[in-house]
Amino acid sequence: MDIASFSRDALECFCCPVLQEIDYLLHYTKNINEFKDQAQRLNAVVSDVKYAVEQAERNREGIKNEVQVWLQRANKKVTEAQNLLDNEVQANRNHRCACACCSPDWLSRHRLSKQAVSIGKEMGVVCEEKKSFEIVSLPAIPEPTAPVPAGHFVSFESTKNAMEDILKALKDDNNNTNIVGVHGMGGVGKTTMVKQVAEKVMTEGHFHRVVMATVSQTVNLKKIQSSIADGLELLLKKKSDEGRAKELREKIMADERILVILDDVWEWIDLSSIGIPIGSDLEACKSKILLTTRREHVCNSMGCKENRIHLNILSPEDSWDLFIKTAGTVFDSTEFEAVAREVAGECQGLPLALVTVARALGDKDEEEWKKAARRLKRSVSPNPDHQEKVTECIKLSYDFLKDREAKACFLMCCLFPEDHNISKEVLARYGMGLRLFHHVDTLDEARGDADTFTKNLIDSGLLFKCDEDAFVKMHDVVRDTAKLISSSGNEELFMAQAGSALEEWPRRDTRFESYTAVSVMFNDIKRLPDEPVCPKLRALLLQENKNLREIPSGFFNRMTTLKVLDISGLPVLSLPPSIRLLENLCTLYMDRCKSKDISILGGLKKLEILSLNRSFINTFPEELAELTELRMLDMRSCAYIQTISPNIISRLHGLEELYLQGSFCQWGNRVGGTNEERNASLEELINLPQLTVLKIDIEGVNCLPRNVNFSPKWEKFDICINGSFFNRLLNVNLSILKRVRTRTLFIDTTMSTLPDWFIKAVAEKAEMIIYSWCWNLKNILVEYDKGRLFGLKCLYVQQSNSEQCLIPLAAEGIPNTPVFEKLQELHIHNMESVKECWSTTAWIL
């Protein structure tokens, strides 16, 4: 069996999205070239079919439905192909550099290569489907088949009518229907419905692409533009709002037939400033705008007075239907059912209220239902938009949460901006610092609790899932309620002004002495007060204020109770002296900070979590050895750090997790420019008694000590032993993109060169091993035996030397017992010397 045949079979049988990420980077040029060939072939086939259709129409023949559907799909793929090729040309132009040390944009290359493979396969399928019809026409046009309802969308009378009106307006080519507005109160289901509309118009081929951006109360042009650009698969290069708007406008005009959805619009906005064509330009590119808003007058001001559609509340019958399906409760008496109908009626036809209350009461007894009915009756909703009622329903769901920790986690989510993807990892680290989780001894246990509580909140309808499992979101109406709860508490009092377009510190607020949490993240604050009085403050979130260049020297003087501080992304060049007074600080985020000297942090004796991801530090100061309570140190992608002196990390006895990928790698080597001074050795990490998570780079196998006195117990690891900067960078980027394996080894050497303690601590436990540029690799079965790779699930071999046969099963000394019993994925690439993968047909996986 030749290598090409084997690789093809292996990929078909074992291909997994995780390892495929490597293929996309390594075979970028090949994938793009094959994609171009496939696109050229599809273009030719489409041209032939279009010519046949035109001839049939001239003869007044009806075109087959399958031909029309095929053309819609084929045209969509042609457009996608052209967009990708345009992006590929633009990416190459923007990253063309005369500097030999300038590396490509790996994330862009990965994205383009991945899209080329995906769209290329789809184009191939479309070309093959063409073979199913030779004749494109029939004597008469058959009746179209009714579309099948898609997804988990629950369609009721009000939503059905509104959807029909929206679809009719979007399909209308009349000049007056370029902008369609949907208005209705918060929580009535506007966003859910327009997403369903988007799916339907795409399925039916009315638009080539649908892009969606959330506008929200505080308009953030850059965020809106980025969302639209992501939907268009466009890399924005301009820094100014005007420049980005021009790029977007040109892209929409060029692509044509784009549906732009602007969700949650509060006031009139200038579409041209966002980058959306208007007037005759919008008409010329056959694109349309669909917006949602709580306010009817916004539809009028945005130019869709004649095309505004009201999404009404549910009827009593539909409300009851949704309510009982969500609650899942069996009512064992007519009295119990009457109480439940009373509760459902108090939700006043609002889907968000119905779902949250039903989920809160689903497992409760009849007495709890009666209490809920009495409580909801007492809440009066004098305004016609029912907002007070939905707020009370959400409060009821919040009060019914069983765990105090779940309530705290819910309120913590309102500290993030509207429509923000909230990281569960960040919730866990913040929560650990605030001591929200009881009975946890490790960071991993805190993560487990954070995951459990977010799942409870999702089940309660108070949070919802994101596309990625690592994140959650909060509905804007729910967030408003959480802010209301957190701003009126007795023990906990929050100021949540994240993403509110603040340009200065809220000095007029008179309650700073009472606040326990303040969030002004993602604003444009330029100056902070000299010495705010915050005696109860436990969490301060200042991150992503891009123009905040200085923190006053005495800013932290009167915040001695602070436990969580986040100053990530601030362009601050030095830390203020008063930061050393934060003697109770447990969690500190300084990601992407420009301050090179962090020695002052050595005075924070209670610090447990320190994140310096992508920061500008160039050394690890000796003063940090005083952080004996430190549990987690995250220094990923700190590209400027060249030295770590001995006897610093070894004194961090409580360290549980260490992240150093893309940073320091010269363990035990001499410091550049010196004869005697050496960097910290790996023995310092090996001897840390609590260390269970290790993700590091190692320049070469010579950095590994041959003998150790302590056997490390690393439960999760991602270790890269590779002398190539390119390969280490590749591993970092792959970790960022997607890595589900918790035990990974990326190496350029063989198992025989690794010391026995490393085999026991790492190789034996590895779930994934990647051999890259490993010139001494001869026999995979020898590697299996030497490395005791009994738990290996994924093996990847690329650009490595080998004999003509990679797995010589007939060789002497090969065990006759099963090997690689747990292997699920096998990937072999760029192994030119290999003529066959195994020398016998008896494969024993």
>> Condition (residue is within 21 Å of residue 528 (Cα to Cα) and among the polar types (S, T, N, Q)) applied to the range 597-613: is it met by at least one residue?
In response: no
> Does at least one position in the range 185-203 carry a residue that is within 26 Å of the chain's Cα centre (by Cα), basic (Lys, Arg), open to solvent by 20 Å² or more (accessible area, probe 1.4 Å) and within 30 Å of residue 71 (Cβ to Cβ)?
Replying inline: yes
> Only one of (1) surrounded by fewer than 18 Cβ atoms within 10 Å (Cβ to Cβ); (2) at pLDDT below 80; (3) closer than 29 Å to residue 29 by Cα is not met by residue 51, so which one is it?
Replying inline: (3)
> From the list 459, 399, 403, which one is out of contact with any Pro (no Cβ under 9 Å at 6 or more places or on another chain), open to solvent by 10 Å² or more (accessible area, probe 1.4 Å) and under 23 Å from residue 190 (Cα atoms)?
Replying inline: 459
>> I'd like the full set of residues that are loosely packed, with under 14 Cβ neighbours inside 10 Å and either modelled with pLDDT under 75 or of a type in the set (A, V, I, L, M) (or both), limited to the range 105-145.
In response: 107, 125, 134, 135, 139, 140, 141, 142, 143, 144, 145
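Consider the range 544-583. How many of its residues are outside any loop (DSSP other than H, G, I, E, B) and of a type in the set (A, V, I, L, M)?
Filtering the range 544-583 down to residues outside any loop (DSSP other than H, G, I, E, B) leaves 564-566, 577-581.
Still in the list and also of a type in the set (A, V, I, L, M): 564-565, 579, 581.
Residues that pass the stated criteria total 4.
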> Being at pLDDT 95 or above, in a loop (DSSP other than H, G, I, E, B) and open to solvent by less than 10 Å² (accessible area, probe 1.4 Å), is that true of even one residue in the range 619-630?
Replying inline: yes
> Of all residues in the range 54-84, which are of a type outside the set (S, T, N, Q), touching a helix residue (DSSP H, G or I) at 6+ places or on another chain (Cβ under 9 Å), in a helix (DSSP H, G or I) and surrounded by fewer than 17 Cβ atoms within 10 Å (Cβ to Cβ)?
Replying inline: 66, 73
>> Looking at the range 463-480, can you tell me whether even one residue there is buried (at least 22 other Cβ atoms within 10 Å of the Cβ), over 25 Å from residue 608 (Cβ atoms), free of Cβ contacts under 8 Å to residues at least 60 places away in the same chain and in contact with a strand residue (DSSP E or B) (Cβ under 7 Å, 6 or more places away or on another chain)?
In response: yes
> Does residue 596 meet the test of being part of a loop (DSSP other than H, G, I, E, B), under 26 Å from residue 735 (Cβ atoms) and open to solvent by 10 Å² or more (accessible area, probe 1.4 Å)?
Replying inline: yes
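Which of the residues spanning the range 313-362 are outside any helix (DSSP H, G or I) and either touching a Leu at 6+ places or on another chain (Cβ under 6 Å) or open to solvent by 30 Å² or more (accessible area, probe 1.4 Å) (or both)?
Filtering the range 313-362 down to residues outside any helix (DSSP H, G or I) leaves 313-315, 328-333, 347-350, 362.
Residues satisfying the conditions are 313, 315, 328, 330, 331, 332, 333, 347, 348, 349.
Every residue in the range 388-439 that is of a type in the set (Gly, Ala, Ser) and within 23 Å of residue 263 (Cα to Cα), please.
Keep residues of the range 388-439 that are of a type in the set (Gly, Ala, Ser), which gives 397, 406, 408, 423, 428, 431, 433.
423 - this is the single residue of the range 388-439 that is of a type in the set (Gly, Ala, Ser) and within 23 Å of residue 263 (Cα to Cα).
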> Restricting the search to the range 778-812, which residues are at pLDDT 65 or above, on the phi < 0 side of the Ramachandran plot and in contact with a Phe, Trp or Tyr (Cβ under 6 Å, 6 or more places away or on another chain)?
Replying inline: 797, 800, 801, 807
>> Is it the case, given these coordinates, that residue 836 is among the acidic types (Asp, Glu), at pLDDT 90 or above and either within 20 Å of residue 698 (Cβ to Cβ) or surrounded by fewer than 18 Cβ atoms within 10 Å (Cβ to Cβ) (or both)?
In response: no
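From the list 481, 452, 510, which one is assigned to a helix (DSSP H, G or I) and either farther than 30 Å from residue 631 by Cα or in contact with a His (Cβ under 8 Å, 6 or more places away or on another chain) (or both)?
Working: 452 fails: either farther than 30 Å from residue 631 by Cα or in contact with a His (Cβ under 8 Å, 6 or more places away or on another chain) (or both); 510 fails: assigned to a helix (DSSP H, G or I).
Every option except 481 fails the conditions.
The values are calculated or read from the model by the stated rules, or taken from the named source; none is laboratory data. All values reported here derive from a predicted model rather than from experimental measurement. No Cβ is skipped: glycine too gets one built from the backbone with ideal geometry, and neighbour counts run over all protein chains shown. Note: accessible area is taken over every heavy atom of the protein model, side chains too, but ligands, DNA and RNA are not part of it. Shrake-Rupley method; radii C 1.70, N 1.55, O 1.52, S 1.80 Å.
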